[in-house]
Amino acid sequence: MIRLEYLKTKKARLLTSLNFLKRCRDHDIIPTCVKISPKKDIKHSGRILHQASKSRATQSPVTVVNLSKQTLDKQTVEILKKGLNFAPAPSKLPFEDIICNVEECLHKNHVTKEESEAIRQDVSYVLRRSKLPRQNISRQESVALKHLRNNEDLTVLRADKGNATVVMDTSDYDSKITEILSDNSVYKKVNKDPTSKVLTETKLLINKYSSKLNLDIKSLVPSCSKPPKLYGLPKIHKQDVPLRPIVSQIDSPTYKLAKFLSKILSPLRGHTKSFVKDSYQFVNDIKHLKLTDNDIMVSFDVQSLFTNLPVLDCIEIVRGKLKDNKMPIEYAELLKHCLTSGYLMWKDEFYIQVDGVAMGSPVSPVVADIFMEDFEVRALSSPTIRPLIYKRYVYDTFTILNKNKTSAFLNHLNSINNKIQFTIELEANNSLAFLDILVIRNPDNTLGHTVYRKPTHTDRYLNGKSHHHPVQLATVGKSLLQRAQHLCDADHLEAELQHVRRALTINSLPVPRQHRKNQMKPPTVERQPAILPYVKGVTDRIGNILKKVSIKTIYKPHKKVSQFLRPIKSNIPLQQAGVYKLNCDCGLSYIGQTKRSIGTRVKEHVSDVRNRRASKSAVCEHALDKPGHYIRFDKPQILAREDRYIPRLIREAIEIKKHPNFNREDGWNLSNTWDPLLKNMKSHVRDHTAGPQDTVSAFCRHPERYARQLRNRWR
């Protein structure tokens, strides 16, 4: 009996090793654990094969895809290989951000005055004696980043799948976006920015239903609305590299309302057997299935689901589900507004979306799920074709049915709604991919499963040399290990673990020894966490200081490679909230903050000067008291972009202390503990003041003419 158990264990180990070697063969990898002997004993053959095995085992896939006509130099390729989420070590300490976040954290957690002052003293001590961390990129790579940003002929962006970095000719990228927008059945060009109109309609609608639905207009409408921005991600795995259109809805007039509705409507989905929440659930659903010889695994995928969704049908389906669940029907009216007021901006031009929903809106995936569940109820009610199993995640499906009925079932699906059309993919080599899982038909017709990676997958994750907090770097390996243990069966687990270890080594990431279950931590006082830019040896020490008052610290990278490059989204610089500065030729400046767009606030300053309203504006008062001074209304400086109210006030107070100014007040009551630090920062500030050669007087003798010139310029 003992001998039999030993042989079974040995057989399992041999099968695991064979599966691992098969995976290595399929991926053209020679692992370091394999010793290769040549047929003939050639001189130096052992050394050559040993070096080949080492290099092949650590060889990484292509992570930088250059589709442009320009040749990239070595330094440019090297910095792009690190990934767009790679964080270079900061070359300047972000004192303002650290002070602002510490002050905000103390304020929102209602820390006592004595404890707050003690923390300020400790943090100030750390900052005054802080040193810059060691650089993790070379000077040549830093210069290459600057050249990439200044090169308007190149566009750098992330691939749609696989995490590769793609370099395209800007003209090629623009032409592909233009081709997408030329589809008149989806997009229609308009002559005017619809932002103000959509914002007004959003406010009116929220006010209309605020009492019945208990809505708060301040939390559902952005104070500084911006138009949604279109950009594209290249599908490098397809011919001619088309772009996947994405519409960034952040800060758009309906963004917060759509986010709110996604939470309200989410409980209406997920009540069908076909619904797949995630990969873990899918594995649990299929691991006990057994097929027959006549069964086949098939994937039916919806073509361009989001842009082809019939909006009015979606609204009616949601309306019916709200009635069935005895929820307020008014939510359907709010949803209708979000879905029918879709528009976007591309290169200062505006387009409305004729039908479909935007891929980028928070409510779009929820609406898509609700529609597809209603669609599937009709599709699966056919008495002639009944799949053994039908599972769907958004627009990807996994189906098992009789091999002779695949074409009939495809035709049946495509006949239900002419806008919802499916493509078909049959199993190949007894396997079929679904999400990040490769489902494998075993010889006994049971189903095996392991992690699936697309051919374009690069195995590139967060680089271990990135200036991220060590906990964030360690999380990558832990999450990959956890995924392997949940998604792989016993026959494929060891091969996947080997692959994970190899990928982590390539990315210079720590390899966890084993996955430990999360241990229960002792309960602590729940307080709002502090969010600090990570600077090694500085903010981690500040995090330890905040622990004294039970405040957890979340670290974010100060700046990533993607932020050093030219943005791919259209941008209007002054159409954002934050802290700004207006310079005067006398050497003084005005520091202000606004929750609306900075451009709007500057126009109000111009109006105050034109109408001589000195009581309302320190800028107007300065212009009246100092006739002939030149204030640069046409070139306001953005000191900080900030949507949150308290951090904006704190940042304004910091900038007032840093710059010589003619402000009437100092703003937020900032502790004097920061004064020595801010005084040192003040000595390094260079004010770019205006001069008569650049602009006319802010007040001068013709304020009306000056205001008119500014209005014409901003148009």
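Here, each number is a calculation from the coordinates, and none is a lab measurement. Everything numeric in this text was worked out from a predicted model, so none of it was measured. Cβ sites come from the backbone with ideal geometry, for glycine too, and all protein chains shown count toward neighbours.
Would you list which aspartates and glutamates come within 16 Å of Lys218, measuring only between C-alpha atoms, while excluding same-chain residues fewer than 8 positions from it?
Once the sequence-local aspartates and glutamates are set aside, what remains near Lys218 is Glu201, Asp251, Asp643.
Would you mind ranking Val619, Val198 so that the residue whose beta carbon has the fewest other beta carbons within 10 Å leads the list?
Ranked by crowding around the Cβ, least crowded first: Val198, Val619.
Using a basic spin-label model with each label point 7 Å from the Cα along Cα→Cβ, how many nm lie between Ser171 and Tyr645?
5.1 nm
What are the aspartates and glutamates whose alpha-carbon lies under 18 Å from the alpha-carbon of Lys405, with same-chain residues fewer than 8 places away excluded?
Asp293, Asp295, Asp301, Glu376, Glu425, Glu427
Cut-off under 14 Å on the C-alpha distance; same-chain residues fewer than 8 positions from Lys454 excluded. Which aspartates and glutamates are left, in chain and number order?
Asp26, Asp160, Asp436
At what distance in angstrom do the alpha carbon centres of segment 280-339 and segment 228-260 lie from each other?
Distance between centres, Cα-based: 21 Å.
Out of the trypsin sites (Lys or Arg not before Pro) in segment 239-337, which ones are loop residues according to DSSP with at most 15 other C-beta atoms within 10 Å? All intermediate terms of the calculation are to be shown ahead of the outcome.
Working: sites: Lys256, Lys259, Lys263, Arg269, Lys273, Lys277, Lys287, Lys290, Arg319, Lys321, Lys323, Lys326, Lys336; in loops: Arg269, Lys273, Lys277, Lys287, Lys326.
Of the trypsin sites (Lys or Arg not before Pro), the ones in loops of segment 239-337 whose Cβ has at most 15 other Cβ atoms within 10 Å are Lys273, Lys277, Lys287, Lys326.
Residue by residue through segment 569-585, which ³J(HN,Hα) values in whole Hz follow from phi under the Karplus form 6.51 cos²θ - 1.76 cosθ + 1.60 (θ = phi - 60°), with glycine and proline marked x?
After applying 6.51 cos²θ - 1.76 cosθ + 1.60, I find 8, 4, 9, 10, x, 8, 8, 7, 7, x, 10, 9, 9, 10, 8, 10, 5 Hz.
Suppose each label sits 7 Å from its Cα in the direction of the beta carbon; what would the Arg378-Asp216 distance come out to in nanometres?
Here the answer is 4.1 nm between the modelled labels.
Quick one: what are the phi-derived ³J(HN,Hα) couplings along segment 152-163, Karplus 6.51/-1.76/1.60 with θ = phi - 60°, whole Hz, x for glycine and proline?
6, 7, 10, 10, 10, 8, 7, 5, 5, 9, x, 6
Take Asp97, Asp278 and order them by how many other Cβ atoms sit within 10 Å, fewest up front.
On the way: Asp97 20, Asp278 11.
Ordered from fewest to most neighbouring Cβ atoms within 10 Å, Asp97, Asp278 come out as Asp278, Asp97.
Could you pull out every residue, at least 5 positions away or on a different chain, whose amide H is within less than 5 Å of the one on Leu438? Hs are placed 1.01 Å off N in the peptide plane, and Pro or chain starts have none.
Thr450, Val451, Tyr452
Where does each of Met327, Met345 land when they are ranked from fewest to most other beta-carbon atoms within 10 angstrom?
Details: Met327 16, Met345 23.
Going from least to most buried by this count: Met327, Met345.
Would you please put 595-607, 120-132 in order of how densely packed they are, using the mean number of other Cβ atoms within 10 angstrom per residue and starting with the highest? Let's see the in-between values first.
Details: 595-607: 18.6, 120-132: 15.9.
In descending order of packing, they fall as 595-607, 120-132.
Per residue of segment 531-539, what does 6.51 cos²θ - 1.76 cosθ + 1.60 with θ = phi - 60° give for ³J(HN,Hα)? Whole Hz please, x for Gly and Pro, Karplus curve as stated.
10, 10, x, 7, 10, 4, x, 10, 6
Within segment 80-98, name every residue whose backbone N is under 15 Å away from a label modeled 7 Å from Cα of His147 along the Cβ vector.
Answer for this model: 80-81.
Among the listed pairs Lys547/Lys679; Lys161/Lys560; Lys161/Lys336; Lys552/Lys658; Lys92/Lys679, give every one whose C-alpha distance is greater than 23 Å.
On the way: Lys547/Lys679 28 Å; Lys161/Lys560 20 Å; Lys161/Lys336 32 Å; Lys552/Lys658 29 Å; Lys92/Lys679 17 Å.
Lys547/Lys679; Lys161/Lys336; Lys552/Lys658, as the Cα separations exceed 23 Å there.
List the residues whose amide H sits under 5 Å from the amide H of Ala530, counting only those 5 or more places along or on another chain, with H placed 1.01 Å from N in the peptide plane.
For Ala530, whose amide H was placed from the backbone, the distant partners under 5 Å are Lys552, Thr553, Ile554.
For segment 62-120 and segment 173-218, compute the distance between their C-alpha centroids and round to whole Å.
The two parts, judged by their Cα centres, are 32 Å apart.
Farthest toward the dipole's positive end in segment 360-406, which of Asn402, Pro387, Ala368, given Cβ charges of +1 (Lys, Arg) and -1 (Asp, Glu) about the Cα centre?
Asn402
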